[in-house]
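The values are calculated or read from the model by the stated rules, or taken from the named source; none is laboratory data. It should be emphasised that the depicted structure is a prediction, and the values quoted were computed from it without experimental measurement. Glycine gets a Cβ as well: all are built from the backbone with ideal geometry, and neighbour counts include every protein chain shown. What goes into the accessible areas is simple: the full protein's heavy atoms, side chains included, and nothing from ligands, DNA or RNA. Shrake-Rupley method; radii C 1.70, N 1.55, O 1.52, S 1.80 Å.
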Amino acid sequence: RPPHTRAGLWASLRERAAVLVALMLLQSLSSFILARFQGMLQRHVVVTFFLTMLVGAGGNAGNQSTVMVVRGLATGEITRRNAQRVVRHECICGALLGCVIGVCGFLRVLLFEGDPVAAWAIAVTLVVIVATSTMVGAALPLAMKRIGLDPCHAGPSIQVAMDVLGVLITCLMCTIIFADPHK
């Protein structure tokens with residue numbers, strides 16, 4: 001039997017369902033964040049048009065880092081000795097990726113919405129989300145392994161973490177960038 005089926009169907013189902021239910025409950029925190037920033041979102045509806053792009057970019061970038069680290073742990077390439085260097089590498093890479101993705105997002109919003117302030121808000125938000133997600137994505141499987149959890153759960157965990165953090169970062173950044181300086 002393949003290793004992932006040795007525990008049996010019901011044991012596997014119990015473990016996986018527990019993780020997925022917990023993640024679903026954590027993901028619902030986004031609704032509280034959106035409710036808190038409802039006024040800004042109503043005044044700047046354009047943010048909602050790009051919300052899935054923003055949080056999706058975070059989930060995708062974070063998942064790339066997570067998969068690379070989980071693979072490194074599985075192959076023995078990543079050890080306690082070099083883990084900090086790996087996370088530092090991912091942080092630098094994430095900041096650079098954030099800039100690349102941010103420029104693409106800026107152009108996307110500017111070309112299709114024609115609003116340079118909205119384009120700037122989305123671009124800056126993308127930079128912060130992608131940089132954050134690569135750092136968290138690299139650190140999460142290492143932290144899970146350290147506390148005795150299976151690092152394979154870092155994949156779905158980073159998606160949920162970045163969905164919630166992505167919504168929070170989006171709302172905070174857009175509130176700052178769209179702030180009326182005359183108030």
Checklist entry - Can you give the extra length, in nm with one decimal, that the chain gains between S31 and V67 once fully stretched, where that is 0.36 nm per residue apart less the Cα-Cα distance? => result 10.2 nm
Next on the checklist: With an 8 Å Cα cut-off and a minimum separation of 6 or more residues, compute the relative contact order for the range 102-183 in percent.
Outcome noted: 30 percent
Checklist outcome for this item: Taking max minus min of the Cα coordinates of the chain on each principal axis, largest first, gives extents in Å of 63, 34, 28
Checklist outcome for this item: Karplus-derived 3J(HN,Hα) from phi for the range 27-34 (6.51 cos²θ - 1.76 cosθ + 1.60, θ = phi - 60°), whole Hz, x at Gly and Pro, runs 5, 5, 4, 4, 5, 5, 5, 4
Checklist entry - At a probe radius of 1.4 Å, what is the per-residue accessible area of E77, in Å² to the nearest 10? => result 130 Å²
Checklist entry - Looking at the square roots a ≥ b ≥ c of the eigenvalues of the Cα gyration tensor of the range 1-88, which shape do they give, rounded for a/c under 1.5, prolate if a/b is larger than b/c, or oblate? => result oblate
Checklist outcome for this item: Taking the chain and counting helices only, DSSP H stretches of n ≥ 4 at -39,500 (n - 2.57) each over all residues, the nearest-500 ellipticity at 222 nm comes to -28500 deg cm²/dmol
Checklist entry - Heavy-atom accessible area per residue, the range 10-82, 1.4 Å probe: how many Å²? => result 66 Å²
Checklist entry - With every protein chain present, what is the per residue accessible area of the range 98-174 (1.4 Å probe, Å²)? => result 43 Å²
Checklist entry - How much of the accessible area of the chain, probe 1.4 Å, is carbon plus sulfur, in whole percent? => result 68 percent
Next on the checklist: I need the trypsin sites (Lys or Arg not before Pro) found in the range 1-88, filtered to DSSP loop residues with at most 10 other beta carbons within 10 Å of theirs.
Outcome noted: R6, R80, R81
Checklist entry - What whole number of Å gives the distance from the Cα centroid of the range 21-94 to the Cα centroid of the range 105-166? => result 3 Å
